[in-house]
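Notes to accompany the following structure.
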Amino acid sequence: MTSARGSAPPALTVQTVLYGHSLEEVRRWVVGVANAVRVERARGVVGPVSLRIGDSSPGRTLSQLQVEQMCEEFEPWGVIGVAYEHFEANLGSAGGHNRLFELDGAPYFLILNPDAMASPFLLGELLAAAQDTTVGIAEARQLPLEHPKAYDLRTGDTSWASGAGCLVRSEVFAQLGGYDAESFFLYCDDVDLSWRVRLAGFRVVLQPSARIFHDKRLDLDAVVVSGEAELYYSAEAALMLAWKYSRPDLVDEWLEHFLTSPMHQWVDAANAFTKRRSEGTLPAPIDPEGRVAQFFGMHFARHRYSYSD
Amino acid sequence: MRTQHRRPATLEEALLSLSAQSCDDFELLLLPHDVSEGGIVEVQALVDAYPPSFVAVSSLSKVVGALAR
């Protein structure tokens, strides 16, 4: 099999991190990815593909037997292996992906949330974007709630790529030391990675023809439904991002906003941040000239719309 | 869902959304209306790209001429 350019199609690893997901949800994810492998291997646009599933849940989601059965079931579809690791601890999204990542010779790897279903054409569309050697991350477009952040309609360039579904150049990820899991446990790890990729001279692009169905829902006020953990960690991550990208003015403004909020998750996040600051355990600020960091309120790119407009 | 003219990308988005549902107790009927043979092949190929369990509950019936209301 050869690609359109005559060279062998690239090998690929697809990785995800579980936390409290059911076996049924994991199976739906695997079927979606394996089906995309089946379709794109038949077209000759992707080489051998392996899956890596990390598990931060308190108990194992998959037994060894179930992993072996998945390997056997999806090998005819072109999946050369399914690796499963129960972390025995909650490493968060960033820490989990760092643990799973290996510089194994594959030029790219795909990060895909466990609640995201791959389009049959996802791999080929993302690989087409990543063929441009200036691209460090190629992001998939999310359905049914398309992310509102702006992107260049001609080039796809965007401020940051969502870790819900994106293809990452492996050497760049390794060069940057992966996600900053010390600073970002659950949210904004993808914003931070994107900005460091851009500081390293690579582009971050959205590929609108690469689709994933990401299971996000809106409440009756058209606000994305968030749980307790999301409220806490998104506030913590926003403070961390402002700090790391040299915006002490925003840190002060947001600390006051969170500390005076009636929501205890925001107060707790502000207190945790203040404690780390006093202990000197925050990351060293970077990008003092604001070359890549963008702050539009608490958005990290200009948004084209809001869901509630 | 009803689309007009040639919108394979919109159809793909609809198929992806359906294939991702946690409730899979449904059948999918596709009724290409006054579509060329080439178009029928294109729609069928799009459906066939989805997992076999989804293809198994999908069927395509070509419709020609005016539809009764």
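Report, by residue number, each residue of segment A:211-260 that is of a type in the set (S, T, Y), surrounded by fewer than 19 Cβ atoms within 10 Å (Cβ to Cβ) and either on the phi < 0 side of the Ramachandran plot or within 14 Å of chain B (Cβ to nearest Cβ) (or both).
A:S226, A:S234, A:T260
Is it true that some residue in segment A:267-277 is without any contact (Cβ under 8 Å) to a residue 12 or more places away in the chain and acidic (D, E)? Can you show your working first?
Just the residues of segment A:267-277 that are without any contact (Cβ under 8 Å) to a residue 12 or more places away in the chain, to begin with: A:267, A:275-276.
Narrowing further to those that are acidic (D, E): none.
Within segment A:267-277, not a single residue is without any contact (Cβ under 8 Å) to a residue 12 or more places away in the chain and acidic (D, E).
Can you tell me which of A:Q207, A:Q294 is within 23 Å of the chain's Cα centre (by Cα) and in a strand (DSSP E or B)?
Just one listed residue meets the conditions, A:Q207.
Do we have A:D132 as at pLDDT below 95 and not in a strand (DSSP E or B) here?
Taking the combined requirement at face value, the residue does not satisfy it.
Let's see how each residue does on (1) touching a Cys at 6+ places or on another chain (Cβ under 8 Å); (2) in contact (Cβ under 8 Å) with a residue 60 or more places away in the chain:
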residue: A:T133; (1), (2): no, no
residue: A:A138; (1), (2): yes, yes
residue: A:G163; (1), (2): no, yes
residue: A:V172; (1), (2): no, no
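In segment A:88-145, which residues are on the phi < 0 side of the Ramachandran plot, surrounded by fewer than 21 Cβ atoms within 10 Å (Cβ to Cβ), more than 14 Å from every other protein chain (Cβ to nearest Cβ) and among the charged types (D, E, K, R)?
A:R99, A:E102, A:D104, A:D132
Looking at the structure I just gave you, is A:A83 touching a residue at least 24 places away in the same chain (Cβ under 8 Å) and assigned to a strand (DSSP E or B)?
Yes, satisfied.
If A:P148 satisfies every condition in (1) touching a residue at least 40 places away in the same chain (Cβ under 8 Å); (2) over 19 Å from A:V172 (Cα atoms); (3) within 20 Å of the chain's Cα centre (by Cα); (4) crowded, with 17+ Cβ neighbours inside 10 Å but one, which is the exception?
(4)
Just checking, which of B:V63, B:V55 is more than 9 Å from chain A (Cβ to nearest Cβ) and modelled with pLDDT of 95 or more?
Numbers: B:V63 fails: modelled with pLDDT of 95 or more.
Of the residues listed, the single one that is more than 9 Å from chain A (Cβ to nearest Cβ) and modelled with pLDDT of 95 or more is B:V55.
Looking at segment A:195-207, can you tell me whether even one residue there is surrounded by fewer than 23 Cβ atoms within 10 Å (Cβ to Cβ), among the polar types (S, T, N, Q) and closer than 30 Å to A:A36 by Cα?
no
So A:S22 fits all but one of (1) more than 22 Å from A:F121 (Cβ to Cβ); (2) more than 14 Å from every other protein chain (Cβ to nearest Cβ); what number is the exception?
(2)
Do any residues in segment B:14-38 that are within 9 Å of chain A (Cβ to nearest Cβ) and closer than 25 Å to A:H214 by Cβ have Cβ atoms under 7 Å from those of residues that are among the charged types (D, E, K, R) and surrounded by 12 or more Cβ atoms within 10 Å (Cβ to Cβ), where the two are at least six apart or on different chains, and which pairs are they?
As it stands, the answer is B:L16/A:R211, since those pairs meet every condition given.
Return the only residue of A:R28, A:R38, A:R43 being within 13 Å of another protein chain (Cβ to nearest Cβ), crowded, with 19+ Cβ neighbours inside 10 Å, of a type in the set (K, R) and over 22 Å from the mean Cα position of the chain (by Cα). It would help to see each step written out before you state the result.
Numbers: A:R28 fails: over 22 Å from the mean Cα position of the chain (by Cα); A:R43 fails: crowded, with 19+ Cβ neighbours inside 10 Å.
After ruling out the rest, the residue left standing is A:R38.
From A:E171, A:E88, grab the single residue that is modelled with pLDDT of 95 or more and either outside the structural domain of A:V30 (by TED's automatic domain parsing) or in a helix (DSSP H, G or I) (or both).
A:E171
The values are calculated or read from the model by the stated rules, or taken from the named source; none is laboratory data. The model shown is predicted, which means the values in this text are computed figures rather than measured ones. Neighbour counts are summed over all protein chains in view; Cβ atoms, including those assigned to glycine, are modelled from backbone coordinates with ideal geometry.
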